[in-house]
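The structure is given below, and queries will be raised subsequently.
The values are calculated or read from the model by the stated rules, or taken from the named source; none is laboratory data. Worth saying up front: this structure is predicted, and the values here are computed from it rather than measured. Cβ: placed from backbone, ideal geometry, glycine included. Neighbour counts: every protein chain shown. The area values use the complete protein model at the heavy-atom level, side chains included, leaving out ligands, DNA and RNA. Shrake-Rupley method; radii C 1.70, N 1.55, O 1.52, S 1.80 Å.
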Amino acid sequence: MQLACLELPFLSISSPMKAVIFDMDGVLINSEPLWKRAEAEVFGGLGVTLSEDLTAQTANMTTKAVTEFWFNLSPWQGSSLQAVEQAVIHRVEELIVSEGRAIDGVIEVLEFFKQKDLKIGLATNSPAYLIPAILNQVGVTKYFDITISAEDEKQGKPHPAVYLTAAKKLQVAPADCLVIEDSVSGLKAAQSAGMKTVWLNIHGLKTEHLQPDVEIGSFSELLIKLT
């Protein structure tokens, strides 16, 4: 069976896209402030002092890497790294269920791609445990053909492994995948995987000399381009 594909002339690319892969935190849901709160509560309870500069460095790491980062900086006693990591994850889940909100316009964009019969995937640095909770909270479970967590890879983003695995599971060549990302590390991962990129730059970040195929400030802007 031939895969559906979509011409996207605004991307200035010659080949049509056959799949779209979404990042999760900051793309589907505004969960990044919730991660900060959970980490402040859990690590702070262990005597770790978190600073804005250092939390900015850990923002796009896997939870395992974040836990190791703070332990190496300020070792604690009495709780294993795995137990602390799980405490952060479960606190984030609680906050997502009580306060999590979808990024404006994301459901409309997902619906657009679904109506075009494109394959849709999710690739995140967050643990797989949280994926169902976030998809349910946002109300978008039905749109995704596959979901992938970088915790199952040797390295998380900015390494491209999670995106390459997503393409393989979608049975689509990386060059035929369009990625929607909001972080610089995610952008690096997608580009290293050989995929086209839409950068959702809500907060006006700098790309560190990376050039996404298109940059948008909102999903409403992307919908205008798509339609």
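How many nm separate the modelled label positions at Q171 and K154, each set 7 Å beyond the Cα in the direction of the Cβ?
Here the modelled spin labels are 2.8 nm apart.
So what is the diffusion coefficient of the chain in µm² per second by Stokes-Einstein at 25 °C and 0.890 mPa s, using a Kirkwood Rh over Cα pairs? Don't jump to the answer; show the numbers that get you there.
Working: Rh = 18.0 Å.
Rounded, D is 136 µm²/s.
Compute the length gained on full extension between F69 and E99: take 0.36 nm times their separation in residues and subtract their Cα-Cα distance, giving the result in nm to one decimal. Before the final figure, lay out each step's value.
Working: separation 30, 0.36 × 30 = 10.80 nm, distance 2.69 nm.
Roughly 8.1 nm would be gained on extension.
To the nearest 10 Å², what's E181's accessible area with a 1.4 Å probe?
The value for E181 is about 0 Å².
Determine, at each q value in 0.25, 0.26, 0.30 (inverse angstroms), the log₁₀ of I(q)/I(0) that the Debye formula gives when each Cα of the stretch 21-85 is one equal point scatterer.
-1.15, -1.23, -1.53
Test of the criteria: in the stretch 129-227, which trypsin sites (Lys or Arg not before Pro) are in a DSSP loop and have at most 12 other Cβ atoms within 10 angstrom of their Cβ?
Numbers: sites: K142, K154, K168, K169, K188, K196, K206, K225; in loops: K154, K206.
Filter output for the stretch 129-227: K154, K206.
Another one. Tell me which aspartates and glutamates have Cα within less than 15 Å of K119's Cα, excluding those fewer than 8 residues away on the same chain?
Partners found: E7, D23, E111, D145, D176.
Further question on the same structure: Can you tell me the accessible area per residue over the chain, all protein chains present, probe 1.4 angstrom, in square angstrom?
Details: 10900 Å² over 227 residues.
I get 48 Å² per residue for the chain.
Also: Add -39500 (n - 2.57) for each DSSP H run of 4 or more in the chain, then divide by its residues: what number comes out at 222 nm, to the nearest 500 deg cm²/dmol?
Details: 9 runs with 97 residues, N = 227.
Calculated mean residue ellipticity at 222 nm is -13000 deg cm²/dmol.
May I ask you to evaluate 6.51 cos²θ - 1.76 cosθ + 1.60, the Karplus curve with θ = phi - 60°, for each residue of the stretch 122-137 and list the ³J(HN,Hα) values in order in whole Hz, giving x for glycine and proline?
Result, ordered by residue: 10, 9, 9, 7, 6, x, 4, 4, 7, 4, x, 4, 6, 4, 5, 5 Hz.
I would also like to ask the following. Please compute the Kirkwood hydrodynamic radius of the stretch 106-183 from all pairs of different C-alpha atoms, in Å with one decimal. Can you show the working numbers first?
Details: mean 1/r = 0.0766 Å⁻¹.
Roughly 13.1 Å, rounded to one decimal.
Going by amide H atoms built from the backbone, whose H comes under 5 Å of the H on I21, apart from near neighbours?
G121, L178, V179, I180
Next up: Could you compute how fast the stretch 37-149 diffuses translationally, taking Rh as the Kirkwood radius over C-alpha pairs and applying Stokes-Einstein at 10 °C with viscosity 1.306 mPa s? Give it in µm² per second.
Working: Rh = 15.7 Å.
Here the translational diffusion coefficient equals 101 µm²/s.
Using a 1.4 angstrom probe with every protein chain in place, what is the largest-first accessible-area order of T67, T165?
Values: T67 5, T165 40 Å².
Of T67, T165, the descending order of accessible area is T165, T67.
Summarise the accessible area of the chain (1.4 Å probe, protein heavy atoms) by the percent that is carbon and sulfur. Please report the intermediate quantities before stating the final value.
Values: 5430 of 10900 Å².
The C+S portion of the solvent-accessible surface of the chain is 50 percent.
Let me ask something else about it. Just to confirm my numbers, what's the Cα centroid distance between the stretch 70-142 and the stretch 157-227 in Å?
18
Then there's this: Convert each backbone phi in the stretch 68-83 into a coupling constant with the Karplus relation 6.51 cos²θ - 1.76 cosθ + 1.60 (shift: θ = phi - 60°), then list the ³J(HN,Hα) values in order as whole Hz, x for Gly and Pro.
Residue by residue, the stretch 68-83 yields 5, 4, 6, 5, 5, 7, 8, x, 10, 10, x, 9, 6, 4, 5, 5 Hz.
Determine by what factor the alpha-carbon radius of gyration of the stretch 97-227 differs from 2.2 N^0.38 Å, reporting the quotient. Please report the intermediate quantities before stating the final value.
Numbers: Rg = 14.1 Å, N = 131, 2.2 N^0.38 = 14.0 Å.
In units of the 2.2 N^0.38 Å rule of thumb, it is 1.01.
Let me ask you something else. Residue by residue through the stretch 48-61, which ³J(HN,Hα) values in whole Hz follow from phi under the Karplus form 6.51 cos²θ - 1.76 cosθ + 1.60 (θ = phi - 60°), with glycine and proline marked x?
Working through the residues one at a time gives 8, 9, 8, 10, 4, 4, 6, 5, 5, 5, 8, 4, 10, 7 Hz.
Using a/c under 1.5 as the rounded threshold, could you call the stretch 139-178 rounded, prolate or oblate? The axes a ≥ b ≥ c are square roots of the C-alpha gyration tensor eigenvalues, and prolate needs a/b larger than b/c, oblate otherwise. Before the final figure, lay out each step's value.
Working: a/c = 2.18, a/b = 1.24, b/c = 1.76.
Taking the square roots of the gyration eigenvalues as a ≥ b ≥ c, the stretch 139-178 is oblate.
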